[in-house]
1. Expressed in whole Å with the largest first, what are the equivalent ellipsoid semi-axes of the chain derived from the C-alpha gyration tensor as the square root of 5 times each eigenvalue?
2. Looking only at the stretch 75-109, which residues have a backbone nitrogen under 16 Å from a spot 7 Å from the Cα of Arg162 in the C-beta direction?
3. Taking the chain as the reference, fit the longest principal axis to its C-alpha atoms, fit the long axis of helix 167-186 to the helix C-alpha atoms, and give the angle between the two in degrees, 0 to 90, nearest 10.
4. Counting residues in the stretch 17-150 as N, plug N into 2.2 N^0.38 Å and put the Cα Rg over that result.
5. Whole-Å semi-axes of the stretch 20-65's equivalent ellipsoid, largest first, each the root of 5 times a Cα gyration tensor eigenvalue?
6. I need the calculated FRET efficiency for the pair Asp172 and Arg69, taking r as the beta carbon distance and R₀ as 30 Å, to the nearest 0.05.
7. What is the spin-label model distance, in nm, from Ala46 to Asp193 if the labels are put 7 Å beyond Cα along the C-beta direction?
8. Rounded to the nearest 10 degrees, what's the angle between the helix 68-92 long axis and the longest principal axis of the chain, both from Cα atoms, 0 to 90?
Amino acid sequence: MARSASAVAARAARQPAVRRARAERVDEILAAARAVFCEKGYAQAAVSEIAARIGVVEGLIYKYFPSKRALLLEVLAQWYEALFDSCTRDLSATEGATARLQRVIWRHLCAVQANPLLCRLMFLEVRSEHDYRGSQLHALNRRYTQLLIGVLEQGIAAGSFRRDLPLPLLRDLIYGGIEHQCWNYICGRGVLDVERLSAQITSLVLDGIVTPPAPSLPTRRSSRTP
């Protein structure tokens, strides 16, 4: 009986170690894959090179990921999780509707600035493909962009923003505008001024493009005595 109990205890002790070792191996593979995809692009990246980066045979990669595309999708999913966490932390430390709106825009621009090659992979290799909509990565993207929707909804509830805002359209205008403005940088051309662009986009969203009416001049009273 004592031997049986000790054997059970030993197996229980080994299981967390096995799970930990698997998680560490997956993280190691993803880090190598991220580097190779960014350096070579998706088409030119080889699973054999990813394996060589961490000193294992190619077959071991397929033990964890069924295909090169599955590996790419997981690299991008891991990136989106990190984006969501960093943006959530920023928002939790930011007060005021206007400040929170600029923080979301600023944080997204920072993500583009820090990882232009991952952005390019997302735009060219994933988002344009037929299997993107309804995928896990699509769901992560929606979860991430929902942070902006939440900021707008909170601003409406506080009376800071108009109640008739078409939120999905405004979300698309903001993220679409950022993508368009950043495309040259993503493709390796030019620089990205995060501070200037985030301030400009926030100002345009808040103020719109309509010229405000000129202030009315006070009526001058006649100095003549009736």
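1. Semi-axes from the Cα gyration tensor: 50, 24, 14 Å.
2. Inside the label zone: nothing.
3. For helix 167-186, the angle is close to 70 degrees.
4. The stretch 17-150 yields a ratio of 1.17.
5. In descending order the semi-axes read 18, 11, 8 Å.
6. Efficiency, from the Cβ-Cβ distance: 0.70.
7. Taking the two extended label points, one gets 4.4 nm.
8. The two axes meet at around 50 degrees.
Rule-based calculations on the coordinates, nothing more; no lab input. Just so it is clear, the structure is predicted and the values come from calculations on it, not from any experiment. Every residue, glycine as well, gets a Cβ built from its backbone with ideal geometry; the counts of neighbours run over all protein chains shown.
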